[in-house]
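Below is one structure, written out as structure tokens; comments come after it.
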Amino acid sequence: MVNSHCVLFTKKARSGELFGPLGLLNGLETMKTHFSKTFVATPLILGCAFLAISPLAAQNAPKMATSPAPKVPAVDWKTPLSGEKRVAHVLNRMAFGPRPGEIAQIQKSGLDAWIASQLSPQKIADERVEAQIKKLALLRADSNTLRLAYEGDSGQVRRALEARMRAENGAARPNRLQNVGAAPQVAPQAQQRMQEVLNARQQQTLEEYEASGLLRGSSVQAIGELSSAKLVRATNSNRQLQEVLADFWSNHFNVDVRKGPVRAMKIADERDAIRPHLFGNFREMLGASAKSPAMLWYLDNYRSTAQITMPNGNKRGGLNENYARELMELHTLGVDGGYSQKDVTEVARAFTGWGIGNGAGARREARRNGRNRAQNTNANAQNTPARAANMLEFRFNAAAHDNGPKEILGVKLPANGGQKDGETVLDLLAAHPSTAKFIARKLCVRFIADEPPASAVNRVAKAFSDSNGDLPTVYRALFTSPEFGSVGAYRAKIKSPFEFAVSAARALGGQFSVADPANPRQRMWLVSIGSVSVGQNNRAQNLPRRPIAAEIANMGQPLWACSPPTGWSENSQTWVSSSALVARLNFALSLTSGKIGDIVLTQDTLRAAPLDDLARDLLGGDIAPATRAVVTQEIEKSPSDGAKIRALLLGSPEFQRR
């Protein structure tokens, strides 16, 4: 019922029936008649109002038949912001929103100094956050341990365990999440029967898994740890720009953890391919992504080989063009970057043989190392690097490479180039003018506006080309551009669900609390967080106090789980829908009522206060008359309910923007 009325209001708003201040207020009053006077009613009204005043509604407003439609005023990219608005704007773009008192603090110390410090995050103290992340041992696990964690949860080891249990005593199927201990050792009397039931690979995998000391559900836990690290850094860290950029680049080089072993590979992808290069060179990050097992599996390049004719005449192998196409369309040149289908095929040929390490020798060595640490505890096993040639590492297979000559974007590659063919392609793409423009525009869309001015894009693209892709140089050109700090950029973007949730927690002075996997109950909390990303959301939804990751997923953005290789769109209009706004407003209510289990708020934070003070703290003082009128009515009903009033302001149209 609630959602249907919200949809009705949205349709009227988009048709223009409620367009303009008077129509909006009338629509608000109409909506109120459809709701009982409950805690949720007013926030939902505000959420629907947001659609009525959004640019999307303005664009779709009908033209009047009796007079010409008023011209939309030109965006002011020249007038600079000043004072508190300038600081708030920067904190909503280069950070995940201001914390209480932060605007005044930065005004005192100087905004330019803050920006300069954010561009050198290694100089910013962040010991408390790093100490929390240090508890998350699976984030430091070697790739062989992560492989075993995935195999233990994805079927092979589970089937081996079931077979062993049937061989021993016909036991029922084990519950891999309730059993928080390592798999028990094989009883001697079942050994002969077990060998009859299991094939050689299952036996080998089972031995490695048992020796590792891993717990059931470890691969889901690992994603829970990865999400927790992302959230604690975004919410609590002083290195805010670093975390905003980590979010941007991880999305740029998107992989989906719901695709097979990418679940295990994403840990290393984020740790080794993305984060080390945030303030480095674009070509280095591009190369790290190209060799990331997560990317190689997600876009199927591990399957791409030269076609081989067998002695019997049968053909084996063949090209897979997925990675080649997305490398040019999404990672470098852009869809209009000037390449052809022939270029896609030639790039795919250049990357044949770029795959993931495997082979019996690596498995035997991994098994020997596993036996040597069989007595280790689970935590020790996770912290002990394997010396094996790990199964989830980049490996170039020369025998699978197409060694013929190639021509890409007019550049000829001689025959027998081997792995160098792929490296040459990466060099070519990273230095291409279309890449400079594509990356520049995408950064401007993220940090300036959904339709950024060409002047800003050209300036950032020039910095990219002139510096050969030096990312700090590119960032400086972006953040010092007049357009970035202009009136036209102020509140021009709608927050993504992740940005909204984190900024709401920060605005209330909240802290993200990282669960300790050494504690069995807290370990299960991490499993519930990971389950949201891997498609087992019901586990988190059934908890009385839910993880913030589950709330972000409810709003439409599960962490690490965007299916298309495009990643989440940087065009913020994609987040505008009635159902999404209902979820956002319900999140605001849950947050201020203490129903988010990993966000810690103090009671003092939620005390009653004058509306103008709260509007200044949460909205920078920018409270629209319609919002003020509705919130004032609620204050009159519950003047001492500070939590409720804050929830209404967090759900307001003004807070949805950055």
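The values are calculated or read from the model by the stated rules, or taken from the named source; none is laboratory data. As the structure is a prediction and not an experimental result, all values here were calculated from the model. Note that we place each Cβ from the backbone using ideal geometry, even for glycine, and neighbour counts take in every protein chain shown. Protein only, heavy atoms only, side chains kept; ligands, DNA and RNA dropped before computing areas. Shrake-Rupley method; radii C 1.70, N 1.55, O 1.52, S 1.80 Å.
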With label points set 7 Å from each Cα along the Cα-to-Cβ direction at THR79 and ALA399, the distance between them in nm comes to 7.0 nm
For the stretch 235-296 (alpha-carbon point model, no solvent) the Debye-based log₁₀ I(q)/I(0) at q = 0.13, 0.19 Å⁻¹ works out to -0.33, -0.67
The stretch 492-582: spread of alpha-carbon positions along the three principal axes, whole Å, largest first, is 44, 33, 22
A 1.4 Å probe over the protein heavy atoms gives the stretch 460-596 a carbon and sulfur accessible-area percentage of 51 percent
Which residues qualify? For ILE356, with a placed amide H closer than 5 Å and at least 5 residues away or on another chain, they are ARG395
The correct pair for the stretch 540-614, radius of gyration to one decimal and Dmax as a whole number, both in Å and from Cα atoms, is 15.1, 47
When every protein chain stays in place and a 1.4 Å probe is rolled, LEU619, LEU330 sorted by accessible area with the largest first are LEU330, LEU619
If each part is reduced to its alpha-carbon centroid, the stretch 226-298 and the stretch 542-574 end up apart, in Å, by 16 Å
Rounded to one decimal in Å, the inverse mean reciprocal Cα-Cα distance for the stretch 397-456, i.e. its Kirkwood radius, is 13.8 Å
SASA check, VAL487, accessible area w/ 1.4 Å probe, all protein chains in place, rounded to nearest 10 Å², comes out at 60 Å²
With every protein chain kept in place and a 1.4 Å probe, the residues LYS637, LYS420, LYS291 fall, from largest accessible area down, as LYS420, LYS637, LYS291
Whole-Hz Karplus couplings 3J(HN,Hα) for the stretch 337-352, θ = phi - 60° and coefficients 6.51, -1.76, 1.60, Gly and Pro as x, run x, x, 9, 10, 4, 4, 5, 4, 5, 5, 5, 4, 4, 5, 9, 4
Taking the stretch 254-329, the whole-percent share of alpha-carbon pairs separated by over 14 angstrom is 65 percent
For the stretch 613-658 the translational diffusion coefficient, Stokes-Einstein from a Kirkwood Rh over Cα pairs at 37 °C and viscosity 0.692 mPa s, in µm²/s, is roughly 312 µm²/s
